[in-house]
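Q: One structure, as structure tokens, below. Some questions next.
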Amino acid sequence: MKIFWTLAGTISLLFGVGAHGPTENPPGGWKQYSYMSDGFGISSPQVPKLTSADNYKQYLVYWNEETNDVITVSFSLKLVDCSAWNQWAKNLDGNVIRIIMVSGNPALESRGNRNALQAGYTLDQCMNGRVYRFAAGWRKGKPKPPIVDKVLKSFHVLRGKS
């Protein structure tokens, strides 16, 4: 019986039936978070959670278990020559990846399914020696939540980080 309740609890969390995450406009409001050592700032209604590995860092910027929305910002710890990356990026264009200009620099934008349950969006851009990846996911079959663009527009590089 214990296994049944453990399995039921896991399924509830996966499908958003259990605890609910925060809403897009929580009572505490949006706040700006700055990470000088990582070279960026971003706004969110939640305190971003950091996860790291040997070669990258990722911030979970927003999540809502009820709606299955998630937004992350990640980057490689290895510094990159952004001029070379920008030249490489300008040569990519296709059905899944699209080149757009953000703040005067090329960025790679893609849309598609993240997994069997989520639609997704990614934007990769090289700034100040780092390739930042902004990724978002939401319940498949639903439109992209407005919070995705709101968080993305708040992202900015903190000058002086090289």
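The values are calculated or read from the model by the stated rules, or taken from the named source; none is laboratory data. Keep in mind it's a predicted model, so treat the numbers as computed, not measured. Positions of Cβ are generated from backbone atoms using ideal geometry, with glycine treated the same way; all protein chains shown enter the neighbour counts.
Q: Listed residues ALA135, ALA116, ALA89; which is among the small types (Gly, Ala, Ser) and either within 24 Å of GLN32 (Cβ to Cβ) or in contact with a helix residue (DSSP H, G or I) (Cβ under 6 Å, 6 or more places away or on another chain) (or both)?
A: ALA135
Q: Considering (1) part of a loop (DSSP other than H, G, I, E, B); (2) exposed (fewer than 12 other Cβ atoms within 10 Å of the Cβ); (3) in contact with a strand residue (DSSP E or B) (Cβ under 8 Å, 6 or more places away or on another chain), say which one ALA116 fails and leave the rest.
A: Only one criterion in (1) part of a loop (DSSP other than H, G, I, E, B); (2) exposed (fewer than 12 other Cβ atoms within 10 Å of the Cβ); (3) in contact with a strand residue (DSSP E or B) (Cβ under 8 Å, 6 or more places away or on another chain) is unmet by ALA116, namely (3).
Q: If you don't mind, another one. Name the single residue, out of those in segment 1-36 being at pLDDT 90 or above and either part of a helix (DSSP H, G or I) or hydroxyl-bearing (Ser, Thr, Tyr) (or both), that is farthest from CYS126 (Cα to Cα).
A: Initial filter on segment 1-36 (at pLDDT 90 or above): 30-36.
Within this subset, residues satisfying the condition of being either part of a helix (DSSP H, G or I) or hydroxyl-bearing (Ser, Thr, Tyr) (or both) are 33-36.
Numbers: TYR33: 20, SER34: 18, TYR35: 17, MET36: 17 Å.
My answer is TYR33.
Q: While we're on this one: Which pairs have Cβ atoms under 7 Å, sit 6 or more apart or on different chains, and link a residue in segment 32-60 that is within 17 Å of VAL148 (Cα to Cα) and without any contact (Cβ under 8 Å) to a residue 24 or more places away in the chain to one that is of a type in the set (Lys, Arg) and in a strand (DSSP E or B)?
A: Going by the 7 Å Cβ cut-off, the qualifying pairs are LEU60/LYS49.
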